[in-house]
Amino acid sequence: FTVDSNPRWCCTYLLDASDPLYVEIGKLFIEEQIREYGRTSHVYNCDTFDENTPPLSDPNYISSLGAATFRAMQSGDDDAIWLMQGWLFTYDPFWEPPQMKALLHSVPVGRMIVLDLYAEVKPVWINSDQFYGVPY
């Protein structure tokens, strides 16, 4: 997206999850949240691929991205639970069953909760075998 077609305000850059700083920055972010707000529910929202698509469709790569994201959360809070909006699976044809399973199963079962947003119009749980066993 841009502001007034100015390239200065374009193209958000993301730190690749394979970079060691990814987990370190995630850990620091969680620790700072805990310092600021106190330890509460251990639930952290993170939408890694909302309105952007991973650069590779290889399920092993997708799984490594999800695992790194959860590792970052867990390094800051041992009891972390990843809350993820599931609507990315409704509009992006990238997310075929192997890619969905790779992301959803990159986290131990019970440590991710998927919000089936837009379920009143286009529920994902129906076409994903109920998010392949991940709580939603």
### Summary
Filter the stretch 6-17 for residues that are open to solvent by 100 Å² or more (accessible area, probe 1.4 Å) and at pLDDT 70 or above; the one that is nearest to the chain's Cα centre (by Cα) is Leu14
### Message
Suppose the filter is free of Cβ contacts under 8 Å to residues at least 24 places away in the same chain, part of a helix (DSSP H, G or I) and exposed (fewer than 13 other Cβ atoms within 10 Å of the Cβ); does Leu56 pass it?
### Response
no
### Query
Taking the stretch 110-124, which residues are among the aliphatic types (A, V, I, L, M) and either assigned to a loop (DSSP other than H, G, I, E, B) or open to solvent by 20 Å² or more (accessible area, probe 1.4 Å) (or both)?
Ile113, Leu115, Leu117, Ala119, Val121, Val124
#### Entry: Verdict on Thr69 being exposed (fewer than 13 other Cβ atoms within 10 Å of the Cβ) and either in contact with a helix residue (DSSP H, G or I) (Cβ under 8 Å, 6 or more places away or on another chain) or not in a helix (DSSP H, G or I) (or both)
no
### Task
Any chance you could count how many residues in the stretch 2-51 are part of a loop (DSSP other than H, G, I, E, B), farther than 24 Å from Leu103 by Cβ and touching a Phe, Trp or Tyr at 6+ places or on another chain (Cβ under 9 Å)?
2
### Message
Asp79 - would you say it is open to solvent by less than 70 Å² (accessible area, probe 1.4 Å), farther than 23 Å from Val124 by Cβ and not in a helix (DSSP H, G or I)?
### Response
no
### Summary
Considering the stretch 18-51, residues that are open to solvent by less than 50 Å² (accessible area, probe 1.4 Å) and modelled with pLDDT under 90, and then whichever is nearest to the chain's Cα centre (by Cα), we arrive at Thr48
### Query
Going through the stretch 90-109 one residue at a time, which ones are open to solvent by 40 Å² or more (accessible area, probe 1.4 Å) and closer than 24 Å to Asp78 by Cβ?
His105, Pro108, Val109
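The values are calculated or read from the model by the stated rules, or taken from the named source; none is laboratory data. Just so we're clear, the structure is a prediction, and the values are computed from it rather than from any experiment. All Cβ positions, even for glycine, are placed from backbone atoms using ideal geometry, and neighbour counts span all protein chains on display. The protein model used for the area step is the full one, side chains on, heavy atoms only, and it has no ligands, DNA or RNA in it. Shrake-Rupley method; radii C 1.70, N 1.55, O 1.52, S 1.80 Å.
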